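Down below is the structure, laid out as structure tokens.
Readers should treat all values here as calculations from the given coordinates under stated rules, not as data from a laboratory. Just so you know, these numbers come straight off a predicted model, no measurement behind them. For neighbour counting, all protein chains shown are included, and Cβ atoms are generated from backbone atoms with ideal geometry for every residue, glycine included.
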Amino acid sequence: MDACTVLGQLLEGEGFAPGERKTARNECHASKPDYGTYSLALDPVQGLSEYSRQVPGSAPATVNGREARQGEPFGAGQGMCDFALKVGAHGRAVATATMLRAEQRACACDAARELAAELEPLLPKQ
């Protein structure tokens with residue numbers, strides 16, 4: 001799966017710019033003016049335990065019945081929220097929402113959960 005292709009499919013018709021690959025990893029970011037950025041990272045070798053170490057304070061979650069972790073990498077209320085979904089024995093998919101405006105920051109986790117819920121059916125079955 002290509003992160004930019006999947007993110008484009010998930011955000012089609014919602015006013016986001018085409019996704020951009022910011023790193024050599026299978027990761028993609030799509031921005032919407034005056035709103036924020038949605039990101040998708042597909043990692044076949046780092047699972048949820050690695051995510052837990054990378055994002056201290058992340059909490060167990062489920063998305064459409066799939067095991068996941070919810071984290072706010074820069075701290076609660078800072079406008080960025082992730083949902084890392086388990087993919088197979090060793091992989092993960094991370095859906096992220098980053099909100100631009102201060103009054104939207106509290107909505108970051110709701111937005112990330114919604115993106116993760118749309119992504120989950122596209123992931124390989126466990």
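This table checks each residue for (1) touching a strand residue (DSSP E or B) at 6+ places or on another chain (Cβ under 8 Å); (2) surrounded by fewer than 16 Cβ atoms within 10 Å (Cβ to Cβ); (3) at negative phi.
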residue: ARG25; (1), (2), (3): yes, yes, yes
residue: GLN46; (1), (2), (3): yes, no, yes
residue: SER49; (1), (2), (3): no, yes, yes
residue: VAL55; (1), (2), (3): yes, no, yes
residue: THR62; (1), (2), (3): yes, yes, yes
residue: ARG66; (1), (2), (3): yes, no, yes
residue: ALA95; (1), (2), (3): yes, no, yes
residue: LEU122; (1), (2), (3): no, yes, yes
residue: LYS125; (1), (2), (3): no, yes, yes
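Cβ-Cβ below 6 Å, separation at least six or inter-chain, first residue in the range 37-51 and over 11 Å from VAL94 (Cβ atoms) and touching a residue at least 24 places away in the same chain (Cβ under 8 Å), second surrounded by fewer than 19 Cβ atoms within 10 Å (Cβ to Cβ) and among the basic types (Lys, Arg): which pairs? Once the first residue is over 11 Å from VAL94 (Cβ atoms) and touching a residue at least 24 places away in the same chain (Cβ under 8 Å) and sits in the range 37-51, no partner that is surrounded by fewer than 19 Cβ atoms within 10 Å (Cβ to Cβ) and among the basic types (Lys, Arg) comes close enough. Of all residues in the range 68-93, exactly one satisfies the criterion of being in contact (Cβ under 8 Å) with a residue 40 or more places away in the chain, buried (at least 24 other Cβ atoms within 10 Å of the Cβ) and not aliphatic (A, V, I, L, M), namely ARG92.
Among residues belonging to the range 48-67 that are in contact with a helix residue (DSSP H, G or I) (Cβ under 9 Å, 6 or more places away or on another chain) and assigned to a loop (DSSP other than H, G, I, E, B), point out the one that is nearest to GLU118 (Cα to Cα). So the residue we want is ASN64.
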